[in-house]
1. Of GLY310, LEU367, ALA321, whose Cα points farthest to the positive end of the dipole of the stretch 306-374 (charges on the beta-carbon: +1 Lys, Arg; -1 Asp, Glu; origin at the Cα centre)?
2. Multiply the residue gap between LYS372 and LYS241 by 0.36 nm, knock off their C-alpha separation, and tell me the result in nm, one decimal place.
3. Can you work out the base-10 log of I(q)/I(0) for the stretch 254-295 at q = 0.25, 0.26, 0.32 1/Å, using the Debye formula on its C-alpha atoms alone?
4. Find how much the distance from ALA232 to ARG82 grows on full extension, using 0.36 nm per residue of separation minus their present alpha carbon separation; answer in nm with one decimal.
5. Got a sec to turn the phi values of the stretch 277-286 into Karplus ³J(HN,Hα) couplings, 6.51 cos²θ - 1.76 cosθ + 1.60 with θ = phi - 60°, whole Hz, x for Gly and Pro?
6. Over 20 Å between Cα atoms, which of LYS162/LYS217; LYS293/LYS389; LYS293/LYS372; LYS166/LYS341; LYS363/LYS389 qualify?
7. Once you charge only the Cβ atoms, +1 for Lys and Arg and -1 for Asp and Glu, what is the size of the charge dipole of the stretch 357-403 about its Cα centre, to the nearest 20 debye?
8. Explain nothing, just compute: Karplus ³J(HN,Hα) = 6.51 cos²θ - 1.76 cosθ + 1.60, θ = phi - 60°, for every residue of the stretch 81-89 in order, whole Hz, x for Gly and Pro.
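Values in this text are rule-based calculations from the coordinates and carry no lab data. Keep in mind the model is a prediction, meaning the values are calculated, not measured. Here the Cβ positions follow ideal geometry from the backbone for every residue, glycine too, while neighbour counts run over all protein chains shown.
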Amino acid sequence: MWVRHRAAGWGQGRSMGVSSTSTPADGEDSAERTEMVPWVRTMGEKLRQRLRLDVGREICRQYPLFCFLLLCLSAASVLLNRYLHVLMIFWSFVAGVVTFYCSLGPDSLLPNILFTIKYKPKLGLQELFPQGHSCAVCGKVKCKRHRPSLLLENYQPWLDLKISSKVDASLSEVLELVLENFVYPWYRDVTDDESFVDELRITLRFFASVLIRRIHKVDIPSIITKKLLKAAMKHIEVIVKARQKVKNTEFLQQAALEEYGPELHVALRSRRDELHYLRKLTELLFPYILPPKATDCRSLTLLIREILSGSVFLPSLDFLADPDTVNHLLIIFIDDSPPEKATEPASPLVPFLQKFAEPRNKKPSVLKLELKQIREQQDLLFRFMNFLKQEGAVHVLQFCLTV
């Protein structure tokens, strides 16, 4: 620092016109000082690296209280060296805490016997409550403080949800095939009325919309790194152990199942157990994917359970478990070549499954009551108002009556 100030002052004096007489000795001295500056900087950097000042500063920033206590204990040991035998108790306690934290910390390879609290970041997307028990003011479930209000997302989760028209047409075609293969063959023998199928279309649209909204909230990298990779490594380990036990590859599958032992998943025991497991899993998903109060209709839930478990989930799992599909997905995941350029313009965005959910039934239903009939009969109006109070939509009826 002194050399730097001297060199700066000397240069400033020359620029301001201060008379100075230079001798050859002064020139040699200034040259030596100029050469000394990089050497001092190099020595300072080496000293900094050896002392690890950056690491110490980072530790003090992360653990300020611990560093303060350590500094106080060190100062007390220097000042009160007579009572060093007493201070050794505190030093032993500090050494034990540091050893315990370093050996059983969350970043260690050793198992952690303590419960660690992990912070889960809150996502900005609005949470869906298909059961309709959430409060629009505070967001709590079954809130008794605020007046319930109508949440359109609980009844129409497809609002503001748009996808490409080609994707929408393909998805509608798949759902139409499901209806043609599993609903219409027996339903057309009963009646030609499309009211039930129209309700089923709306239910399928509701299910698909909620599923897409929840997929947007899934942290896919976390699932891959924390769940899929662990399961894949476990499976590879089991296959390697099974291959060491059998010589013929025809018995490899049975040996792998025996190697799993009690850890074998219940769905892998037989085809019947797999279908039964998918049925139970579908029933657990009903409160989250079906419209509010739709689970009260037992016949509808049984029909949707059989359609989803036997026609959607089971073939999808068979397709994903195919080795050709797994290899193809791995190639897509690993391949870093750029995709082919699109030759056609992008298709426009359309509301999600709007054409699929359009009612096909043109006949008026006998069970349907018009609002005019409800207004003219007081008992119907009273029951209708009680129903809207439960749904949090009585203000809609009040607006209609006022108009």
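1. LEU367
2. Values: separation 131, 0.36 × 131 = 47.16 nm, distance 7.41 nm.
Going from the current span to full extension adds 39.7 nm.
3. -0.83, -0.86, -1.01
4. Details: separation 150, 0.36 × 150 = 54.00 nm, distance 6.11 nm.
That works out to 47.9 nm of additional length.
5. With the stated coefficients, the stretch 277-286 comes to 5, 5, 5, 5, 5, 5, 5, 5, 7, 4 Hz.
6. Values: LYS162/LYS217 17 Å; LYS293/LYS389 15 Å; LYS293/LYS372 26 Å; LYS166/LYS341 18 Å; LYS363/LYS389 30 Å.
Over 20 Å Cα-Cα: LYS293/LYS372; LYS363/LYS389.
7. Working: 8 positive and 5 negative charges, 43 e Å.
Approximately 200 debye in magnitude.
8. For the stretch 81-89, the Karplus-derived couplings read 5, 5, 9, 5, 5, 6, 5, 5, 5 Hz, x marking Gly and Pro.
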